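Peer 1: Before anything else, here's the structure in question.
The values are calculated or read from the model by the stated rules, or taken from the named source; none is laboratory data. The model shown is predicted, which means the values in this text are computed figures rather than measured ones. When we count neighbours, we look across all protein chains shown, and the Cβ atoms used for this are built from the backbone with ideal geometry, even at glycine. To get the accessible areas, we keep the full protein, side chains included, count just its heavy atoms, and leave off ligands, DNA and RNA. Shrake-Rupley method; radii C 1.70, N 1.55, O 1.52, S 1.80 Å.
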Amino acid sequence: MSSKAFKKCVELVEEMVREGYRLQIPSKHVEKLIKIHIGADKRTVQKYMKMLLEDLGFLKIVTKSPFGIYIYRIDIETIEQYVSEHMKEKLKQLTLLDLRLREEEVTGKV
């Protein structure tokens with residue numbers, strides 16, 4: 001069984017995919033999604049950013065703009081691994097599989 005916070009992190013990544021982000025996403029948009037879907041309190045945003053980046057590793061830092069905005073890479077392999085280990089119901093697999101196929105098209109991996 002997985003925690004509510006973990007499930008919310010998976011749902012956040014799915015929302016990123018639904019909004020058209022496939023490989024990279026700016027930090028400001030991640031924060032906005034947390035505020036909309038989970039809560040707008042500063043501590044809540046910090047908690048979920050830490051979970052996505054450090055604790056779970058769903059997002060990896062790619063670069064930082066001169067304006068202080070980080071660009072994150074969505075780490076599909078890590079997400080798939082966590083979902084398959086901790087979420088017995090496979091409700092999230094189809095979206096992530098679709099995302100992996102698109103990532104392979106972009107990177108040229110087969």
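Peer 1: What is the packing order of peptides 61-68, 22-29, taking the mean over residues of other C-beta atoms within 10 Å and listing the highest first?
Peer 2: 22-29, 61-68
Peer 1: Can you tell me the accessible area per residue over segment 27-68, all protein chains present, probe 1.4 angstrom, in square angstrom?
Peer 2: I get 63 Å² per residue for this part.
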